[in-house]
Amino acid sequence: VDADPWTRAQVALTGLLALNKSQAIYFTTNVDAAGAALREDCRYQVTGGALPARWWSVTVYADDDYLPLNDDDALSFDATEVQPDASGRWSALVTSQRPAEGAWASSRKAGSYSLTLRLYQPSQAAQNNLAAIPMPVVTRLDCGGRA
């Protein structure tokens with residue numbers, strides 16, 4: 001109700017600000033760790049550790065801010081799909097081709113895209129200090145089959 005016109009426009013366009021921070025916190029990037037735009041023809045590894053939420057997911061959004069129109073049935077990965085190692089670290093791939101194994105999200109037909117991390121039912125500490133949340137890292141592996 002108290003939102004300014006710019007916030008209302010953002011919600012109308014993307015809907016990502018619709019829940020309050022006790023229910024969900026959203027983070028979006030359209031660049032990798034080196035600052036280069038995320039591109040459909042590149043492969044990326046997303047790595048992270050424990051996140052301060054009851055559940056989380058990472059979703060691919062195409063360059064038009066909608067889900068990519070592909071039939072890969074893999075537009076996101078979540079906390080139930082990654083396999084943390086003994087130290088709690090996990091990784092997943094974002095690529096246009098299904099990998100042989102492991103968690104992944106498809107970027108096929110996404111063009112220059114973005115990734116959105118959703119933290120559902122985040123901890124009170126996370127709600128109070130967004131800067132302290134340990135963000136996953138998006139690393140480009142190669143593009144068009146070249147490193």
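Taking a ≥ b ≥ c as the square roots of the eigenvalues of the Cα gyration tensor, an a/c ratio of 1.5 or more together with a/b no larger than b/c marks the chain as oblate. Taking only Cα atoms and a 10 Å spring cutoff, compute GNM fluctuations for the chain and point out the largest among SER22, SER57, SER96. The residue with the greatest mean-square fluctuation here is SER22.
Under a Gaussian network description of the chain, with springs only between Cα atoms under 10 Å, the residue in ASP41, ASP65, ASP78 that fluctuates furthest is ASP65. Between the Cα long axis of helix 5-14 and the first principal axis of the chain there is an angle of about 40°, rounded to the nearest 10.
Based solely on its DSSP helices, what 222 nm [θ] is calculated for the chain when runs of n ≥ 4 H residues each add -39,500 (n - 2.57) and the sum is averaged over all residues, nearest 500 deg cm²/dmol? Each step should come with its number before you reach the end.
Values: 2 runs with 15 residues, N = 147.
Taking each H run of at least 4 residues, the total per residue is -2500 deg cm²/dmol.
A Förster distance of 25 Å, applied to the separation of the beta-carbon atoms of GLN23 and ASP64, puts the FRET efficiency at 0.45.
Length gained on full extension, ALA131 to THR7, computed as 0.36 nm times the residue gap minus the Cα-Cα distance: 42.5 nm.
Expressed as a whole percent, the accessible surface of the range 58-127 that belongs to carbon and sulfur atoms is 46, based on a 1.4 Å probe.
Solvent-accessible surface of the chain, averaged per residue with a 1.4 angstrom probe and all protein chains in place: 59 square angstrom. Here the label points at ALA33 and ASP71, each 7 Å from Cα along the C-beta direction, are separated by 3.6 nm in the simple model.
Model label points for GLN97 and THR47, set 7 angstrom from Cα along the Cα-to-Cβ axis, are 2.3 nm apart.
The values are calculated or read from the model by the stated rules, or taken from the named source; none is laboratory data. Keep in mind that what you see is a predicted model, and the values were worked out from it rather than measured. Positions of Cβ are generated from backbone atoms using ideal geometry, with glycine treated the same way; all protein chains shown enter the neighbour counts. These area figures cover heavy atoms from the full protein model, side chains too; ligands, DNA and RNA do not enter into them. Shrake-Rupley method; radii C 1.70, N 1.55, O 1.52, S 1.80 Å.
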